[in-house]
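Working notes for the structure below.
The values are calculated or read from the model by the stated rules, or taken from the named source; none is laboratory data. None of the values given here were measured: they were computed from a predicted structure. Please note: Cβ atoms are built from the backbone with ideal geometry, for glycine as well, and neighbour counts cover all protein chains shown. Note: accessible area is taken over every heavy atom of the protein model, side chains too, but ligands, DNA and RNA are not part of it. Shrake-Rupley method; radii C 1.70, N 1.55, O 1.52, S 1.80 Å.
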Amino acid sequence: MKDYTAIIKTEKYVEVCFYIEDKAVMALGERLNGLREEAYMNGYNWEAVLGYYLGKTAPDLLKGMDTDPEAGMYVAYYPLTPENEAKAERLAGIIHDLVEHGETLCQFVQTEGDNIPWD
């Protein structure tokens, strides 16, 4: 994975940390903000767009997921089980693909932006 994602296991949880102050992530956030004024990509808006995106493309990943958005980070976490470890790996992969192929997320925001619950 790139430096902007990390999977961390604790005693109780498996966490996917998405460091949104990474240069590549910030560049994508600026592109999204250029498409929609309300898409100021802090942790809360990453939570909004990723939650909506996953609901459309991988709703099974939302089952059992909790989130903790901050100004400079977005964290999704699951109770620690082998099944949830696999979900965390998939989620980190989706985040990686969205950042590396930013046009996909830009098109999604252009199409679905009115439905995304922006911060």
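Relative to the current alpha-carbon distance between residue 13 and residue 57, full extension at 0.36 nm per residue lengthens the span by 13.5 nm. Charge tally around residue 40: other residues with Cβ under 12 Å, Lys/Arg +1 each, Asp/Glu -1 each, net -3.
Helix 102-112 versus the longest principal axis of the chain: what is the Cα-based angle in degrees, 0 to 90, to the nearest 10? Tilt of helix 102-112: around 70 degrees. Of the solvent-accessible surface of the chain, computed with a 1.4 Å probe and all protein chains present, 48% belongs to carbon and sulfur. Annotation: aspartates and glutamates with alpha-carbon distance below 16 angstrom to residue 12 (same-chain offsets under eight excluded): 66, 68, 83, 85. Think of a 1.4 Å ball rolled over the protein heavy atoms: the stretch 1-45 then has 63 Å² of accessible area per residue. Against the chain, whose longest principal axis comes from its Cα atoms, helix 43-57 is set at around 80 degrees. Dividing the mean sequence gap of close Cα pairs (under 8 Å, 6+ apart) by how many residues the chain holds gives a relative contact order of 35 percent.
Against the chain, whose longest principal axis comes from its Cα atoms, helix 82-100 is set at around 20 degrees. Give the residue list of trypsin sites (Lys or Arg not before Pro) in the stretch 1-110 that are DSSP loop and have at most 10 other beta-carbon atoms within 10 angstrom. For trypsin sites (Lys or Arg not before Pro) across the stretch 1-110 that sit outside H, G, I, E and B with at most 10 neighbouring Cβ atoms in 10 Å, the list reads 12, 63. Simple point charges give the picture: +1 on the Cβ of Lys and Arg, -1 on the Cβ of Asp and Glu, and for the chain a dipole about the Cα centre of about 220 debye.
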